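Student: Sharing a structure below in structure tokens format, with a few things to ask.
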Amino acid sequence: MIRSSIGRMRGSVSLLALSAIALFGAETQPAVAQTAIYGGGSTQVSLVMRQVMDCYNAQTLTNDGYSFSSSFDATLPTPGLLPESWDGAICGQVGALGMVGLYAAVGSDAGQRAFITNDPKQLLRGSAPSLSLPAVPPVFLEGSVPAFATYPYARVDFGAGDSPLPNTLTATALTNFIPASNWQDRNAIAASNATSATAYNLAAFGPAIQLPLIEAPVAIVVNTSNTPVAIWTVNSAGETGAPGSAIQLSTAQLCAIFSGEVRDWSSTAAIAALDNAGQARVQTFMDDNTGNGAAAQAYVSNSLPIQVAFRSDGSGSSYILTNFLANSCPQLDVDGSHNYAKIFTGVGVTFPSTAVTLNNQVSGTTTTTVAAKTNASAANLPSTTFANLIANIKAVKGVDVSTGTGGWLAGNGTGDVAKSVSSTAQDARGNYLGGRIGYVGNNFAKPYNPADGAPVSASIQNDEQRSRGIYHPDQESFIAPTPASADNAFKSMVVPTGTNYTEWSLYNRGYVAGTALGDGTTVVPDDGKVAGISVVGKSQLGLPIIAGAYPITGTTFAYLYSCYNTASAPTRVTDITNFLSWFYSSQDATNVLRNNGFNALNANFVTAITSSYLTAGSGVAISDSSSQVDGCSSVAVGAGAN
């Protein structure tokens with residue numbers, strides 16, 4: 001039986017670059033991989049990237065832990081499974097050309113570093129001298145195919161990160177590994193920490209391309225395990241096993257926690273809050289512990305520290321969370337008495353360069369970073385580094401939240417943070433470590449992560465609810481991190497019309513007074529105010545004001561070159577564009593994303609991306625350096641990214 005690809009279109013978008021792909025019968029086995037796409041970066045999407053690449057090639061990487069199954073159902077979800085059948089055919093048969101995808105989970109900063117330098121040796125976690133090999137899982141090599149069983153990769157086809165590229169691609173610090181033969185020797189890596197700076201080579205690579213890949217909610221995960229120290233009473237817990245079931249938290253509570261103002265779950269302190277007229281509202285930290293027929297009460301009757309688990313490495317997840325905090329928290333602090341504007345943006349903070357020691361509770365190691373001195377007029381949040389927020393708190397409040405009893409917990413990579421907040425995490429005496437809170441990509445949390453003890457997520461109040469006077473979860477449930485709620489957040493976005501990569505830095509797109517939003521219906525009034533607060537200039541993603549929008553939503557970007565050198569890999573450009581066209585338009589890819597708690601980009605974004613970058617003759621399409629067309633029009637023949 002031959003399967004048509006017509007049913008696999010999303011919206012009105014055709015599969016464009018797939019026109020050259022042969023269709024396979026359902027009984028046909030995929031070819032042995034002959035070529036590969038190499039990428040790496042964001043750990044937030046590392047698990048789903050492995051699954052998407054398996055789906056595309058209709059076969060799993062050796063021992064990567066995923067399997068094709070007729071039981072696959074993204075609506076449940078069914079973690080660990082891939083679609084065995086969709087409209088009667090095996091997942092990815094339309095793309096089974098013997099192209100394997102290899103992806104190294106190294107963190108968003110490393111993904112940018114490798115892209116800017118076009119150097120696969122930069123696909124390492126962390127920064128010198130605290131460098132480590134990529135995260136496992138997911139598997140980042142294909143052991144059954146010798147050509148794909150070595151690391152570092154042969155080349156960089158794309159980088160990936162949850163934060164946008166800098167507006168000026170001047171120079172990025174990179175690490176020189178000497179000797180190269182000891183590259184995978186961790187001690188040699190740590191010892192060889194000489195650094196230099198390399199700028200993006202516009203003349204050789206063509207203009208940088210920055211494409212959003214997915215709609216990505218970042219889950220706030222909370223360990224509500226009872227401990228010998230304190231017994232939890234969570235009146236606002238949701239349906240067991242559902243996304244956001246652990247607890248329901250308001251924006252006011254999150255701002256109080258991440259400012260270091262409230263550091264114990266027993267707190268009954270007053271916190272900064274805002275009503276739907278833009279005026280200060282009286283609220284205590286425990287007021288949102290309502291619901292299920294119970295009145296507000298403290299979460300615990302005796303002390304239980306709120307330990308924040310955060311990313312110590314450069315992290316796009318940190319960027320997405322601090323983008324939310326920077327846009328949402330300052331408006332709650334109506335009289336400025338809580339100093340939220342300074343803490344969550346860095347503007348107005350004056351402090352010397354400060355050493356911040358980060359304690360990794362998972363590995364038992366410590367790292368020390370120095371937060372850069374911030375000028376009073378310069379913002380240092382949002383940022384890929386949580387050290388900036390910690391330094392802001394210390395400068396403003398005189399408290400180092402990363403030390404002492406109840407100190408915040410550093411983790412290198414999403415996996416470390418997930419372990420810290422695991423429901424099975426125990427101390428040396430076997431006591432469960434309840435009270436911890438952190439943030440992870442949605443596919444690292446229940447129900448999208450099937451692992452025992454995987455952290456459980458919270459539901460979060462959004463600003464649209466505040467605008468209607470919904471302050472507590474007993475009035476109306478807050479918003480869980482789901483594919484649908486992430487899609488609602490993107491409805492606040494207006495699709496970029498230009499092709500300069502900076503225009504696709506979605507977090508920088510702010511609200512404008514007197515205009516309709518991306519959904520075409522909701523309008524920002526002429527005075528720029530929504531529920532008494534001006535939103536002009538605020539990030540459309542950092543403060544989504546659409547009903548049902550999960551407020552801590554971002555994207556993972558693919559960083560791509562306009563012009564590729566194909567001397568050693570003749571099908572390189574075809575492999576990249578075919579994969580991207582399938583990824584953006586395939587129902588199978590959409591289902592795999594939803595099964596992991598993410599959502600595919602809406603059709604308006606996909607139309608803009610495919611018509612510009614994946615369609616030959618557009619003038620800016622990804623191209624081959626053997627001829628000076630499209631993305632290679634300004635690049636010398638034979639140049640291109642290696």
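Student: Please work out which residue is nearest to SER477 (Cα to Cα), limiting yourself to segment 249-291 and to residues that are in a loop (DSSP other than H, G, I, E, B) and among the charged types (D, E, K, R).
Tutor: Start the filter on segment 249-291 by keeping residues that are in a loop (DSSP other than H, G, I, E, B), which leaves 250, 259-263, 265-269, 271-273, 275-279, 281-283, 289-290.
Applying the additional criterion that residues be among the charged types (D, E, K, R) yields 261, 263, 275, 281.
Values: GLU261: 25, ARG263: 25, ASP275: 17, ARG281: 20 Å.
Out of the qualifying residues, it is ASP275.
Student: Output the residues belonging to segment 193-215 that are assigned to a strand (DSSP E or B), surrounded by fewer than 16 Cβ atoms within 10 Å (Cβ to Cβ) and not polar (S, T, N, Q).
Tutor: Scanning segment 193-215 gives a single hit, ALA197.
Student: Step by step: first the residues of segment 405-426, then only those that are in contact with a Gly (Cβ under 9 Å, 6 or more places away or on another chain) and among the aliphatic types (A, V, I, L, M), then the one that is surrounded by the fewest Cβ atoms within 10 Å (Cβ to Cβ). Which residue is that? Write out each step before concluding.
Tutor: As a first pass, look at segment 405-426 and keep what is in contact with a Gly (Cβ under 9 Å, 6 or more places away or on another chain): 406, 408-409, 411-414, 417-425.
With among the aliphatic types (A, V, I, L, M) added as a condition, the list becomes 409, 417-418, 421, 425.
On the way: LEU409: 25, VAL417: 31, ALA418: 27, VAL421: 32, ALA425: 21.
Among residues in segment 405-426 that are in contact with a Gly (Cβ under 9 Å, 6 or more places away or on another chain) and among the aliphatic types (A, V, I, L, M), the one surrounded by the fewest Cβ atoms within 10 Å (Cβ to Cβ) is ALA425.
Student: What is the residue count in segment 468-488 for residues that are within 18 Å of GLY293 (Cβ to Cβ), touching a residue at least 24 places away in the same chain (Cβ under 8 Å), surrounded by fewer than 23 Cβ atoms within 10 Å (Cβ to Cβ) and not hydroxyl-bearing (Ser, Thr, Tyr)?
Tutor: 2
Student: Among the helices (runs of 4 or more DSSP H) contained in segment 555-642, which hold 1 or more residues that are farther than 30 Å from VAL494 by Cβ?
Tutor: Details: elements: 572-585, 587-595, 603-613.
Here the list reads 572-585.
Student: Select from segment 528-542 the residues that are of a type in the set (Gly, Ala, Ser) and part of a loop (DSSP other than H, G, I, E, B) and write down the one among them that is nearest to the chain's Cα centre (by Cα). Outline the logic, then answer.
Tutor: Of the residues in segment 528-542, the ones of a type in the set (Gly, Ala, Ser) are 528, 531-532, 534, 537, 539, 542.
Next cut, part of a loop (DSSP other than H, G, I, E, B) only: 528, 531-532, 537, 542.
Values: GLY528: 29, ALA531: 29, GLY532: 31, GLY537: 23, GLY542: 13 Å.
Among them, the one singled out is GLY542.
Student: What is the residue count in segment 297-317 for residues that are at pLDDT 95 or above and small (Gly, Ala, Ser)?
Tutor: 2
Student: All but one of (1) within 30 Å of GLY39 (Cα to Cα); (2) at pLDDT 95 or above hold for SER477, so report the exception by its number.
Tutor: Looking at each condition in turn, SER477 falls short on (1).
Student: Considering segment 285-319 alone, what residues qualify as being surrounded by fewer than 24 Cβ atoms within 10 Å (Cβ to Cβ) and touching a His at 6+ places or on another chain (Cβ under 9 Å)?
Tutor: ASP287, THR290, GLY291, ALA296
Student: Suppose we filter ALA242, ALA246, ALA270 for residues that are out of contact with any helix residue (DSSP H, G or I) (no Cβ under 6 Å at 6 or more places or on another chain), of a type in the set (A, V, I, L, M, F, W, C) and surrounded by 20 or more Cβ atoms within 10 Å (Cβ to Cβ); which single one remains?
Tutor: Working: ALA242 fails: surrounded by 20 or more Cβ atoms within 10 Å (Cβ to Cβ); ALA270 fails: surrounded by 20 or more Cβ atoms within 10 Å (Cβ to Cβ).
When all the criteria are applied, what remains is ALA246.
Student: Please identify the pairs in which a residue from segment 210-228 that is within 16 Å of TYR319 (Cα to Cα) has its Cβ atom under 8 Å from the Cβ atom of a residue that is charged (D, E, K, R), counting only partners at least 6 apart or on another chain.
Tutor: Qualifying pairs under 8 Å: GLU215/ASP487; ALA216/ASP162.
Student: For the structure I just gave you, tell me whether ILE545 is in contact (Cβ under 8 Å) with a residue 40 or more places away in the chain, in a loop (DSSP other than H, G, I, E, B) and among the β-branched types (Val, Ile, Thr).
Tutor: Numbers: in contact (Cβ under 8 Å) with a residue 40 or more places away in the chain: yes; in a loop (DSSP other than H, G, I, E, B): yes; among the β-branched types (Val, Ile, Thr): yes.
Against the criterion (in contact (Cβ under 8 Å) with a residue 40 or more places away in the chain, in a loop (DSSP other than H, G, I, E, B) and among the β-branched types (Val, Ile, Thr)), ILE545 qualifies.
Student: Here's a follow-up. Is it true that ALA242 is more than 30 Å from ALA387 (Cβ to Cβ) and aliphatic (A, V, I, L, M)?
Tutor: On the way: more than 30 Å from ALA387 (Cβ to Cβ): yes; aliphatic (A, V, I, L, M): yes.
So ALA242 fits the description; yes.
Student: Also, quick follow-up: Filter segment 433-457 down to the residues that are among the hydrophobic types (A, V, I, L, M, F, W, C) and touching a helix residue (DSSP H, G or I) at 6+ places or on another chain (Cβ under 9 Å), then identify the one that is nearest to GLY260 (Cα to Cα). Show your work before the answer.
Tutor: Just the residues of segment 433-457 that are among the hydrophobic types (A, V, I, L, M, F, W, C), to begin with: 433, 437, 440, 444-445, 451, 454, 456.
Right, trim to touching a helix residue (DSSP H, G or I) at 6+ places or on another chain (Cβ under 9 Å) and you get 433, 437, 440, 444-445, 451, 454.
Values: LEU433: 19, ILE437: 13, VAL440: 20, PHE444: 25, ALA445: 24, ALA451: 31, ALA454: 26 Å.
My answer is ILE437.
Student: Report, by residue number, each residue of segment 292-317 that is within 28 Å of the chain's Cα centre (by Cα) and assigned to a loop (DSSP other than H, G, I, E, B). Quick ask: steps written out before the conclusion?
Tutor: Going residue by residue through segment 292-317, those that are within 28 Å of the chain's Cα centre (by Cα) are 305-317.
Within segment 292-317, ILE306, SER312, ASP313, GLY314, SER315 meet the criteria.
Student: Looking at segment 403-422, which of its residues are modelled with pLDDT of 90 or more and hydroxyl-bearing (Ser, Thr, Tyr)?
Tutor: Once the filter is applied, which keeps residues that are modelled with pLDDT of 90 or more and hydroxyl-bearing (Ser, Thr, Tyr), segment 403-422 yields SER420, SER422.
Student: Pick from segment 216-239 the residues that are hydrophobic (A, V, I, L, M, F, W, C) and out of contact with any strand residue (DSSP E or B) (no Cβ under 6 Å at 6 or more places or on another chain): which of them is surrounded by the fewest Cβ atoms within 10 Å (Cβ to Cβ)?
Tutor: In the first step, residues of segment 216-239 are kept if they are hydrophobic (A, V, I, L, M, F, W, C); the result is 216, 218-222, 229-232, 234, 237.
Going one step further and asking which of them are out of contact with any strand residue (DSSP E or B) (no Cβ under 6 Å at 6 or more places or on another chain), we end up with 229-232, 234, 237.
Working: VAL229: 15, ALA230: 19, ILE231: 13, TRP232: 20, VAL234: 18, ALA237: 21.
By that ranking, first place goes to ILE231.
Student: Given the structure, is TYR439 crowded, with 24+ Cβ neighbours inside 10 Å, of a type in the set (Phe, Trp, Tyr) and outside any strand (DSSP E or B)? Outline the logic, then answer.
Tutor: On the way: crowded, with 24+ Cβ neighbours inside 10 Å: yes; of a type in the set (Phe, Trp, Tyr): yes; outside any strand (DSSP E or B): no.
Spelling it out, it is not the case that TYR439 is crowded, with 24+ Cβ neighbours inside 10 Å, of a type in the set (Phe, Trp, Tyr) and outside any strand (DSSP E or B).
Student: With respect to the numbered conditions (1) of a type in the set (D, E, K, R); (2) at pLDDT below 90; (3) closer than 19 Å to ASN578 by Cα, which one is the sole condition not fulfilled by ASP54?
Tutor: ASP54 satisfies every listed condition except (2).
Student: Can I ask one more? Does THR367 satisfy the criteria of being of a type outside the set (Asp, Glu), at pLDDT below 85 and within 28 Å of GLN51 (Cα to Cα)?
Tutor: Details: of a type outside the set (Asp, Glu): yes; at pLDDT below 85: yes; within 28 Å of GLN51 (Cα to Cα): no.
Answer is no for this residue.
The values are calculated or read from the model by the stated rules, or taken from the named source; none is laboratory data. Just so it is clear, the model here is predicted, and its values are computed rather than measured. Backbone-built Cβ (ideal geometry, glycine too); neighbour counts: all protein chains shown.
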